[in-house]
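Note sheet for the following structure.
The values are calculated or read from the model by the stated rules, or taken from the named source; none is laboratory data. Owing to the predicted nature of the structure, the values given are computational and were not obtained by experimental measurement. Positions of Cβ are generated from backbone atoms using ideal geometry, with glycine treated the same way; all protein chains shown enter the neighbour counts.
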Amino acid sequence: SAVISQKPSRDICQRGTSLTIQCQVDSQVTMMFWYRQQPGQSLTLIATANQGSEATYESGFVIDKFPISRPNLTFSTLTVSNMSPEDSSIYLCSVILLLRPTDTQYFGPGTRLTVL
Amino acid sequence: DAKTTQPPSMDCAEGRAANLPCNHSTISGNEYVYWYRQIHSQGPQYIIHGLKNNETNEMASLIITEDRKSSTLILPHATLRDTAVYYCIVREGSWGKLQFGAGTQVVVTP
């Protein structure tokens, strides 16, 4: 398996501001994903973070709102821009390991975001 | 859209087997069945996956019907710590994206 850490673990932010969430993995990974889990809901895939190129976004999510970077094989950031209370969610990073590509996706512990 | 259908909730007695059903009638030949669970306030945890054969690991067993249109996750001896939301997911190949449905809330009671 892999150890996935996310920073911050939680934050409370004001409307209109932005927050950048970091995801660090202790092993090299092939694919990294970002998910959102709104209160009481299931997980929704936001985007696939591609190394060295623009992320691939799912329907309903756009780069201006959720810019993503992935500078190397073990690190990615997700920014939630111009936040509103509707952005209050848990944001989760998920990875597929380089050395075990037929294996499962592993999930980080999540970042709990509250927007006031 | 999620490709699976699960009951919204199930109760299970501690020490008994928990059988969690999942329907995936539109599954295609290269799609795997994955099971994850999410204990409150934690990231989802991988349980097991399979293509067409039944699978078993230290956590659970996965029984897939011959036509692959449904499956059952079996927790052989449920404990209180198995209380969680269980997600059945159909995933394309080994690289496909995991798309989560609503899942089944399983409550294990003493």
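So here's what we get for this one:
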| item | result |
| --- | --- |
| Number of positions in segment A:1-48 that are under 12 Å from the mean Cα position of the chain (by Cα), of a type in the set (A, V, I, L, M, F, W, C) and away from chain B (no Cβ under 12 Å) | 2 |
| Enumeration of residues in segment B:61-91 that are of a type outside the set (D, E, K, R), surrounded by 15 or more Cβ atoms within 10 Å (Cβ to Cβ), farther than 20 Å from residue B:102 by Cβ and touching a residue at least 24 places away in the same chain (Cβ under 8 Å) | B:64, B:74, B:78 |
| Scan of segment B:19-70 for residues that are assigned to a loop (DSSP other than H, G, I, E, B) and within 14 Å of another protein chain (Cβ to nearest Cβ), ordered by number | B:30, B:39, B:40, B:41, B:42, B:43, B:44, B:51, B:57, B:58, B:59, B:60 |
| Yes/no for residue A:66 being within 13 Å of the chain's Cα centre (by Cα), within 14 Å of another protein chain (Cβ to nearest Cβ) and not in a strand (DSSP E or B) | no |
| Condition met for residue B:33 (within 11 Å of the chain's Cα centre (by Cα), modelled with pLDDT of 95 or more and of a type in the set (A, V, I, L, M, F, W, C)) | no |
| Check on residue B:79, within 14 Å of another protein chain (Cβ to nearest Cβ) and in contact with a strand residue (DSSP E or B) (Cβ under 9 Å, 6 or more places away or on another chain) | no |
| Residue match in segment A:93-106 (condition: surrounded by fewer than 21 Cβ atoms within 10 Å (Cβ to Cβ), of a type in the set (Asp, Glu), within 13 Å of another protein chain (Cβ to nearest Cβ) and within 21 Å of residue B:33 (Cα to Cα)) | yes |
| Which numbered condition residue A:88 misses (of (1) over 13 Å from the mean Cα position of the chain (by Cα); (2) polar (S, T, N, Q); (3) within 14 Å of another protein chain (Cβ to nearest Cβ); (4) under 18 Å from residue A:8 (Cα atoms)) | (3) |
| Lone unmet requirement of (1) closer than 27 Å to residue B:101 by Cα; (2) surrounded by fewer than 20 Cβ atoms within 10 Å (Cβ to Cβ) for residue A:23 | (2) |
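Yes or no, residue by residue, for (1) free of Cβ contacts under 8 Å to residues at least 60 places away in the same chain; (2) out of contact with any Leu (no Cβ under 7 Å at 6 or more places or on another chain); (3) within 16 Å of residue A:20 (Cβ to Cβ); (4) hydrophobic (A, V, I, L, M, F, W, C):
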residue: A:45; (1), (2), (3), (4): yes, yes, no, yes
residue: A:57; (1), (2), (3), (4): yes, yes, no, no
residue: A:66; (1), (2), (3), (4): yes, no, yes, yes
residue: A:72; (1), (2), (3), (4): yes, yes, no, no
residue: A:81; (1), (2), (3), (4): no, yes, yes, no
